[in-house]
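FYI, it's all coordinate maths here, none of it is from the lab. Bear in mind the structure is a predicted one, so any value in this text is a computation, not a measurement. All Cβ positions, glycine included, derive from the backbone under ideal geometry; neighbour counts span all protein chains shown.
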Amino acid sequence: MKNVTVLAGGVGGARFTRGLLAHLAQAHPSVAGGGSSVAAGSSAAVTVVVNTGDDMWLNGLRVCPDLDTVMYTLGGGIAEDQGWGRPDESRRTSSEIAAYGRGWDWFTLGDLDLATHIVRTELLRSGQTLSEATEFLARRWHPGARLLPMSDDPVETHVRLADAADEHAAGDLIHFEEWWVRYRATVRVSEFVQVGLDAASAAPGVLDAIAGADVVIVPPSNPVVSVGTILNVAGVRDALRSTSARIVGISPIIGGSAVRGMADQCLAAIGVETSALAVGLHYGARSAGGLLDAWLVDETDAAAVASLAAAGIRAEAAPLWMRDVPTSAAIAERALKLALAG
């Protein structure tokens, strides 16, 4: 196995990939790694294609939540207790912005985190692409994997409200982050709208990373607004259907509940039940025009294995709680074995 490509959202994708890199480093003990999450020199090169549908302009800066979460997590600079942002943050700058009556009081950026957004914005305004800016930022963090935005073109996920909320009327379109962070996904939505998607193409290297992979992994990221957004970029689904790689996914649902965040509200909005079986069937078997060759579910969802197999998706059950790097590494090892078993 030489190449592994991961299609990732934020916290779940980041923590899984950190475990994957730890497993690969452990599998090659003679390799001198560059850190706890780095498999430097390993026979497997890892590329992470990251959702950019959560990106936004805020306070004149381009903010890329999922890219930054993956970069910080793999580079050892994440606030572990919350899974996003930097540790030991201060928020003096956000407080000063608020004093001018600007910004979003429900989405404050820490001072350390602001530095990343300032540098990214300066690079973008100087003519660099998001891919080039991401590569530049990652040089500081040494993530141990190649990080690629799903697209260099701006794509922003919005939601159409089914109910009124504060100054918003039913039918209004608001940014996904406002629905997710400000309203904690408690306001009903009628649809997800990916603004800019029609004009977006895959970033350089994305389709090649899928075509040239031995294994493609769909980690326990939000299947609607993280993985789903990546899949909707032009060319990505076709690349996944035609690649010779084995495609394995890890369920983000354990025992009928989302592992993290509010994926259940997103699934409900598109009419998919919150269960490991339903999400696996939502992705579908690649043999039937879907995405998956294999699907790893939690041991509490072992009853779904037979139904998944009947639908053409090879499945196994294993403990899926990512409590720390060793448990995440064990999940990654199990996923790789499942992918390569058939």
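Quick notes on this structure:
- The residues packed around ALA44, meaning those with a beta-carbon under 13 Å from its beta-carbon, carry a net charge of 0 if Lys and Arg are +1 and Asp and Glu are -1.
- Ellipsoid semi-axes in whole angstrom, largest first, where each is sqrt(5λ) of the Cα gyration tensor of region 96-195: 30, 18, 12
- Within the listed set GLU89, GLU132, GLU299, the residue fluctuating most in the Gaussian network model of the chain (springs between alpha-carbon atoms under 10 angstrom) is GLU89.
- Low-density loop positions, GluC sites (Glu not before Pro), region 150-229 - DSSP coil, at most 15 other Cβ in 10 Å: GLU167
- For GLN194, distant residues with modelled amide H under 5 Å away: HIS158
- Sorted fewest first by neighbouring Cβ atoms within 10 angstrom, ILE97, ILE247 come out as ILE97, ILE247.
- Fraction of beta bridges assigned by DSSP in the chain that are antiparallel (%, nearest 5): 35
- Net charge contributed by nearby residues that have their C-beta within less than 15 Å of GLY290 (K/R +1, D/E -1): +3
- Between the amide H of LEU147 and those of VAL48, distances stay under 5 Å, these residues lying 5 or more places away or on another chain, with hydrogens modeled in the peptide plane.
- Whole-Hz couplings from phi, Karplus 6.51/-1.76/1.60, listed for region 335-342; x for Gly and Pro: 5, 5, 5, 5, 4, 8, 6, x
- Region 293-334: trypsin sites (Lys or Arg not before Pro) in DSSP coil with no more than 14 other Cβ atoms inside 10 Å: ARG323
- Net charge of neighbours whose Cβ lies under 12 Å from the Cβ of GLU156, counting Lys and Arg as +1 and Asp and Glu as -1: -4
- ³J(HN,Hα) computed for each position of region 293-307 - Karplus, 6.51 cos²θ - 1.76 cosθ + 1.60, integer Hz, glycine/proline x: 8, 8, 9, 9, 10, 6, 4, 6, 10, 4, 5, 7, 4, 5, 5
- Over the chain, dividing the summed -39,500 (n - 2.57) contributions of all DSSP H runs of at least 4 residues by the number of residues returns a 222 nm mean residue ellipticity of -10500 deg cm²/dmol.
- For TRP84, the residues whose modelled amide H falls within less than 5 Å of its own, excluding neighbours fewer than 5 places apart on the same chain, are ALA79.
- What the phi angles of region 52-69 give under the Karplus curve with 6.51, -1.76 and 1.60, with θ = phi - 60°, is a coupling list of 10, x, 8, 4, 7, 9, 9, 6, x, 10, 8, 9, 10, x, 6, 4, 5, 4 Hz, glycine and proline written as x.
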